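So the structure is just underneath, and the comments pick up after that.
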Amino acid sequence: MSAPVRVEESAVVDHWLRLEEGGPERPEELPPAEALDALLTANPGAASFLWQTRPARWYHLRLSRAAFGRLHVIDGPPELGWRALSPDGTVREAARRIDRRDAVALPAAAAGVDVDCVERLTAALAGGASFPAPVATTRRGCAPTRVADGNHRAAATALHLRRTGEYRPLAVYVGVGAAPVVGPLRERVCGALRRFVGRDRIV
């Protein structure tokens, strides 16, 4: 895993907003407040982390194979969407089920997961394509790191790895928010220990 590089939230918001609006050809740069408002309007659910956990520290890094294996899909009800596709919550499990076509048995529960899109992205990756960095989030402590935007790209990376044995290192933006006041005891204790040593857990 490459060393995490601190970045400003505005850089992450601009990157994410460009993807929401169709790519890097967006002609104008918006002031930070307007860009954040536009992103929250375009994707209010996934982007809610940006205002719910302020202040958050943001990093850009390239995940090692081991760190990628710990990456989780976007949070949500376990019986819906990506969580329905991945019972253990990991991106690699979602890719395993797509590879086995278990997803076909979950057409309603896995609504929002475009399996054909994952297959197209996997083929593009095999052809040498590279992906824009997904945006992931975590909290100080031992909470998993979850993909907020870019689940299809992350799943394609995992599916390519599963089928070929080749890991194409994935660059990500990771936001590290404050630990919740109320939460699982293990996460709160782990968070306290990490605050003591002054270190963020990213992945």
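With all distinct Cα pairs included, what does the Kirkwood hydrodynamic radius of region 1-74 come out to in Å, to one decimal, could you say? It would help to have the intermediate numbers written out before the result.
Numbers: mean 1/r = 0.0729 Å⁻¹.
One decimal place: 13.7 Å for the Kirkwood radius.
In a DSSP loop and with at most 13 other Cβ atoms within 10 Å, the GluC sites (Glu not before Pro) in region 28-61 are 28, 29.
In the complete set of protein chains, residue-level accessible area for residue 60 is approximately 60 Å², probe 1.4 angstrom. Based on Cα contacts under 8 Å between residues 6+ apart, region 1-64 shows a relative contact order of 61 percent.
Quick check: convex hull of the Cα atoms in region 38-153, volume per residue, rounded to a whole Å³?
Numbers: hull volume 14.7 nm³, N = 116.
Residue-normalised Cα hull volume stands at 127 Å³.
The values are calculated or read from the model by the stated rules, or taken from the named source; none is laboratory data. None of these values were measured; they are calculated from a predicted model. Don't worry about glycine lacking a Cβ; one is built from the backbone with ideal geometry, like all the others, and counts go over all protein chains shown. Ligands, DNA and RNA are excluded from the accessible area calculation, which covers all protein heavy atoms including side chains. Shrake-Rupley method; radii C 1.70, N 1.55, O 1.52, S 1.80 Å.
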